[in-house]
Amino acid sequence: MERLQKVIASSGYCSRRKAEDLIINSKVMVNGRIVNELGVKVKGDDVIKVENNVITREEKEYYVINKPRGVLSTTKDDKDRKTIIDYIETDKRIYPVGRLDYDTTGLLLLTNDGEFANNMMKPSSMIEKTYLAKINGILTKEEKLKLLSLKKYKVDNIKVKSINKTNQTSLVEITIHEGKNHEIKNIFKTINYDTLKLTRISYGFLDIKDLKSGEYRKLNIKEVKKLYSLIKK
Ligand code: URA
């Protein structure tokens, strides 16, 4: 038996809080009857309808993949380009937790658990994501300090891993916890650098050291619980 609002949220219909609002506002039916109080638990075969939509429940799956370059982090593409879903063998309706750009590689989570995905993607979740970025310049100490004190973007950590004087490029490890669109590229743009290559190397305690490009594995329940525990409530 699971709480009604949790089942609605895990289906991906909406957040748990929104599900509670929908219940209180008499928008939820269980086996044909309106439920308008919180605390009701449901069984696997109970039929749940929210705003007249039947909620489908399936076993939850969680994956981590090392996304290759030139792959979309969407479930489908109208131009028929390859998406990250094409890499994973499952009959579940999984989708990526957030996005990596088409040309970005590295760690991406996928799941069919809507509540998990919503929680991970909340900017307030504060889960640290570390990237390795190749930029077209030699990053100076002053520039590093400038990036650490940006108002628009919160850079948690930044380390120069190596520099290539001949090509005038730097390899930089940078940690952020928000997930704005093109965030890393935009962070480097603030000091007029282009990001030539970008890969996400870690997400909280997860990394992709054991995964080659395009390889994936399922997360176990301990890892899923640990990711939940990282979220700042
Ligand atoms: N920041 C970016 O600029 N691109 C990504 O794909 C991820 C983070």
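Bear in mind these aren't lab numbers, they're just calculated from the coordinates by the rules spelled out. Everything quoted here is computed from the prediction, not taken from an experiment. A quick note on method: Cβ atoms are made from the backbone with ideal geometry, for glycine too, and the neighbour counts reach across all protein chains shown.
Scanning the stretch 17-27 finds no residues that are in contact with a Leu (Cβ under 9 Å, 6 or more places away or on another chain) and part of a strand (DSSP E or B). Can you confirm whether Asn119 is under 30 Å from Cys14 (Cβ atoms), away from the ligand (no atom under 15 Å from the Cβ), part of a helix (DSSP H, G or I) and touching a Phe, Trp or Tyr at 6+ places or on another chain (Cβ under 8 Å)? For Asn119, the condition - under 30 Å from Cys14 (Cβ atoms), away from the ligand (no atom under 15 Å from the Cβ), part of a helix (DSSP H, G or I) and touching a Phe, Trp or Tyr at 6+ places or on another chain (Cβ under 8 Å) - is met. Considering every residue within the stretch 36-47, establish whether at least one is under 27 Å from Glu89 (Cβ atoms), free of Cβ contacts under 8 Å to residues at least 60 places away in the same chain and not β-branched (Val, Ile, Thr). Yes, because at least one residue in the stretch 36-47 is under 27 Å from Glu89 (Cβ atoms), free of Cβ contacts under 8 Å to residues at least 60 places away in the same chain and not β-branched (Val, Ile, Thr).
Of the residues that sit in the stretch 173-196 and are out of contact with any Asp or Glu (no Cβ under 8 Å at 6 or more places or on another chain) and among the charged types (D, E, K, R), which one is nearest to the ligand (Cβ to nearest atom)? Ranking the qualifying residues of the stretch 173-196, first place goes to Glu183.
The set of residues in the stretch 68-108 being in a helix (DSSP H, G or I) and in contact (Cβ under 8 Å) with a residue 40 or more places away in the chain consists of Tyr87 alone. Which one is surrounded by the most Cβ atoms within 10 Å (Cβ to Cβ) among residues in the stretch 140-152 that are free of Cβ contacts under 8 Å to residues at least 24 places away in the same chain and over 28 Å from the mean Cα position of the chain (by Cα)? Applying the filter and picking the extreme gives Thr140.
Per the conditions (1) touching an Asp or Glu at 6+ places or on another chain (Cβ under 9 Å); (2) under 22 Å from Tyr131 (Cα atoms); (3) of a type outside the set (Phe, Trp, Tyr), the sole criterion not satisfied by Lys92 is (2). Per the conditions (1) of a type outside the set (A, V, I, L, M, F, W, C); (2) in contact (Cβ under 8 Å) with a residue 12 or more places away in the chain; (3) surrounded by 12 or more Cβ atoms within 10 Å (Cβ to Cβ); (4) within 16 Å of the ligand (Cβ to nearest atom), the sole criterion not satisfied by Gly137 is (4).
Output the helices (runs of 4 or more DSSP H) that fall wholly within the stretch 135-233 and possess 3 or more residues being under 30 Å from Thr111 (Cβ atoms), or say none. Filter on the stretch 135-233 gives 183-189, 221-230.
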